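The values are calculated or read from the model by the stated rules, or taken from the named source; none is laboratory data. Everything numeric in this text was worked out from a predicted model, so none of it was measured. Every residue, glycine among them, receives a Cβ derived from its backbone with ideal geometry; neighbour counts consider all protein chains shown.
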Amino acid sequence: MKKMTAAVLLACGTIMPIAGRMASAQNQTASPAAQSFTALAEQYFDQAYFKYEPTSGTLSGFHQYDDQLENFTRAGFGAQISTLQDFEKKFSAIPAAQLDVTTQGDLQLVLANIRGELLSLQTIRQWEKNPDNYSSGVTGSIFSLMERKFAPADQRLKSVIAREQKIPAVFVAARENLKNPPHIYTEIALQQIPDIISFFQNDVPEAFQDATDPTVKADFAKSNAAVISALQDYEKWMKRDLLPRSNGDFRLGADAFSKKLLYDEMVDTPLDSLLKIGNADLHKNQAEFDRIAKEVDPSKTPKEVLAELAAVHPAPDHLLQAFHDQFETLIGFIREKKIVTIPSEVQPTLEETPPFMRATTFASMDTPGPFETHSTKAYFNVTLPDKNATPAQVSDYMAAFNIGTIVSTSVHEAYPGHYVQFLWVPEAPSKVRKLLGASSNAEGWAHYCEQMMLDQGYGQPGAGAKDAREAKLIRLGQLQDALLRDARFIVGIQMHTGKMSFDQAVDFFVKEGYQSHSTATVETKRGTSDPTYLYYTLGKLQIMKLRADMKKKQGDAFSLEQFHDAFLKEGFPPIKIVRREMMGDDSPTL
């Protein structure tokens, strides 16, 4: 299971105090086996999970970990492996047959999490292969203390100092650990590091301008300068020493890929069968895109219509308002059509993306971790074009915010995607479900919503579109996003099983995924280190099958709103676990 908290995966959720009381009451009436599991799970999170991933603790709202940093040494990874193996034995000894269905799912979830971590540490061994894990890893650790004002600036800055004081040693460990990285990994690390250095030079000090304690500020100046120096030395070392000897292979191979998919997403479908599923969805979406493009303009090719779509976007100074307007129409449509229950009237706060995030994101949802109680506001961040950009550069940049993208991004990130899923976190049945999950659930849900909302009538004239032509452009935007995810699905499998080269993958994104060459290159680079990024389409297809099977089972009693509510109340575990809860069986998820 990929190591993700709700804060990392969904960027979501506060837990109401009543949830803890309910959990305690349920535990008092639980079987001895269930009580043993709950107690062991508490030990696991403290002794094996957050102990070795304190940044995840900060993101989840457990601030006792704020002054700790991940141990990047070989000895540290060895200790983590030993601890995980010990907990795997303890959890495996719990009699699953004596647990209720929900707790059985939680046991599966924890065991998968442990086995996924062991696969990563012992077999995939990114700590020996990826230099960016060190430089970006420490950056994420500091960012977790900046992004939310869960405590006064001086208090959070003390935690920054404590972590920063440990960072120079991380790069000593990196030099010892990195053996023969893939060339692309070292290239990516070198591409990233100038912005990382700038982050510590400019963004970290800017984020703590409100700090007032002179001693703390002086200590920060020293620790931050030491981090900048360590990063600069690391950059020089990578250029002079590491890059010339970076000749490793990024490919996982079929066996490791299949195991990662099994542990992360609980999917055991053979890779050849998955490829058939991915290709079928790709071809279906291509055919639909081409059909609608011909309706928009029969005299143009589908790619020419796509270029026309890119030109339909708001002015930069109206971009935030465009998203706000989208929220209003989405919420009204969801309630009128009874799509899903929205548990809160509070909308995410729309704002320009903070400076330290602008280089890596067009739009994002920033919401608190599931146990965060002091900083509970959610932010929808939108990156505006650079104020110093030329008119041509602004026009090119704003193509990413065409009418189709604004709709699909609003749906994916907010209504009824990630933000609504965040609002349901208090309903998750256990602490395990609030902290552990699967990308195929969270990203699958958000991606599923993009198509589902249009299928239900959103984006039609009077419901998000001003006329029939705009409605078609909105659908083309959704289909282009679907084709991007389909291409990820196929490229991930083919590259990591040695059946597609890097250049062939770039070409596939362009020709089959209808993406620009620059986007295709970025997507292929991502796929070298995020091999199972098929989870968007994978999760979407699993949810669509679950919906169809529930509809067949319930007949006229089926309600889309009740289906979505039941899905979201389970947390965000692999769809296999949700399916068992909702269908009452272990029928296939695909």
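Below, the figures for the structure above:
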read-out	value
Verdict on G498 being within 22 Å of L262 (Cα to Cα) and surrounded by 24 or more Cβ atoms within 10 Å (Cβ to Cβ)	no
Close pairs from segment 126-141: first closer than 14 Å to L178 by Cβ and free of Cβ contacts under 8 Å to residues at least 40 places away in the same chain, partner among the hydrophobic types (A, V, I, L, M, F, W, C) and assigned to a loop (DSSP other than H, G, I, E, B), Cβ under 7 Å, at least 6 apart	none
Residue check, D255 surrounded by fewer than 20 Cβ atoms within 10 Å (Cβ to Cβ) and either under 26 Å from E413 (Cα atoms) or of a type in the set (A, V, I, L, M, F, W, C) (or both)	no
Options E235, E206: the member that is acidic (D, E), part of a helix (DSSP H, G or I) and surrounded by fewer than 17 Cβ atoms within 10 Å (Cβ to Cβ)	E206
In segment 510-519, the residues that are part of a helix (DSSP H, G or I) and either polar (S, T, N, Q) or modelled with pLDDT of 95 or more (or both)	K511, S518, T519
Of residues in segment 111-123 being touching a helix residue (DSSP H, G or I) at 6+ places or on another chain (Cβ under 6 Å), touching a residue at least 24 places away in the same chain (Cβ under 8 Å) and of a type outside the set (K, R), the one farthest from I196 (Cα to Cα)	A112
Extreme residue, nearest to the chain's Cα centre (by Cα), among residues of segment 549-590 that are closer than 16 Å to E443 by Cβ and among the aromatic types (F, W, Y)	F572
Test: E164 is in contact (Cβ under 8 Å) with a residue 40 or more places away in the chain and either touching a strand residue (DSSP E or B) at 6+ places or on another chain (Cβ under 7 Å) or among the hydroxyl-bearing types (S, T, Y) (or both)	no
Residue match in segment 462-482 (condition: touching a helix residue (DSSP H, G or I) at 6+ places or on another chain (Cβ under 9 Å), farther than 20 Å from V312 by Cα and in a helix (DSSP H, G or I))	no
Any pair with Cβ under 9 angstrom, 6 or more apart, that starts in segment 393-415 at a residue that is surrounded by fewer than 23 Cβ atoms within 10 Å (Cβ to Cβ) and ends at one that is modelled with pLDDT under 90 and acidic (D, E)	Q393/D386; V394/D386; Y397/D386
Scope segment 130-159; condition within 20 Å of L252 (Cβ to Cβ) and in contact with a Phe, Trp or Tyr (Cβ under 6 Å, 6 or more places away or on another chain); matching residues	N130
Close pairs (7 angstrom Cβ cut-off, 6 or more residues apart or separate chains): under 17 Å from M146 (Cα atoms) in segment 208-219, modelled with pLDDT of 95 or more and part of a loop (DSSP other than H, G, I, E, B) anywhere	K217/A211
Matching entry among G278, G253, G248 (being touching a His at 6+ places or on another chain (Cβ under 9 Å) and within 20 Å of L538 (Cα to Cα))	G253
Any hit, segment 421-438, residues being within 21 Å of P343 (Cβ to Cβ), within 20 Å of the chain's Cα centre (by Cα), at pLDDT 95 or above and surrounded by fewer than 21 Cβ atoms within 10 Å (Cβ to Cβ)	yes
Some residue of segment 444-466 being under 26 Å from I188 (Cα atoms), in contact (Cβ under 8 Å) with a residue 40 or more places away in the chain and buried (at least 18 other Cβ atoms within 10 Å of the Cβ)	no
Residues satisfying the stated conditions in segment 234-286, i.e. in contact (Cβ under 8 Å) with a residue 24 or more places away in the chain, closer than 18 Å to Y185 by Cα and of a type in the set (D, E, K, R)	E235, K239, R245, D249, R251
Wholly within segment 339-445, strands (runs of 3 or more DSSP E) carrying at least 3 residues that are farther than 30 Å from N113 by Cα	349-352
Residue, nearest to the chain's Cα centre (by Cα), within segment 120-142, restricted to residues that are buried (at least 20 other Cβ atoms within 10 Å of the Cβ) and closer than 19 Å to Q64 by Cα	S141
Hits in segment 520-579 (condition: of a type in the set (D, E, K, R) and free of Cβ contacts under 8 Å to residues at least 60 places away in the same chain)	E523, R526, D530, K545, R547, D549, K551, K552, K553, D556, R579
Total residues in segment 259-273, condition under 14 Å from G444 (Cα atoms) and hydroxyl-bearing (S, T, Y)	0
